[in-house]
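Note sheet for the following structure.
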């Protein structure tokens, strides 16, 4: 699929959608010639990218754009355009949360405070765990 040449505004839009943080320099300025953004990844790496503010707003050249995608954004061109055009963030290896995971404080109360076996708590749905905790609180007096 043929894609348009990427512009600096596309680059900035990608960073905004994915939640990159704009970085300030040592003197607390955000910079006038470049915008610098960082993104912390789940694996501990921190990505950093710079977007030049040029008067003519020209598109990136192919070699520079390839470097930005590979070394700064760490994303494929398809994932980049999916994000810019549809708002779909690229997969960065974040673990998926179970849909009905028990909150930590609920699990703690059942296991530590009331002595419910951990294996039993692990098999409970959220609704069952709440019901059980309310029953145990009702017995407390």
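Between the Cα long axis of helix 8-18 and the first principal axis of the chain there is an angle of about 0°, rounded to the nearest 10. The C-alpha atoms of the chain define a longest principal axis, and helix 77-86 lies at about 70 degrees to it. Each residue in 60, 37 was given a count of other beta-carbon atoms within 10 angstrom of its own, and listing them fewest first yields 60, 37. For the chain, the longest principal axis of the alpha carbon atoms and the long axis of helix 126-139 meet at an angle near 40°.
Each value in this text was obtained by applying a stated rule to the coordinates, not by laboratory testing. The structure presented is a predicted model; accordingly, all values stated were derived computationally and were not measured. With ideal geometry, Cβ positions are generated from the backbone for all residues, glycine too; neighbour counts draw on all protein chains shown.
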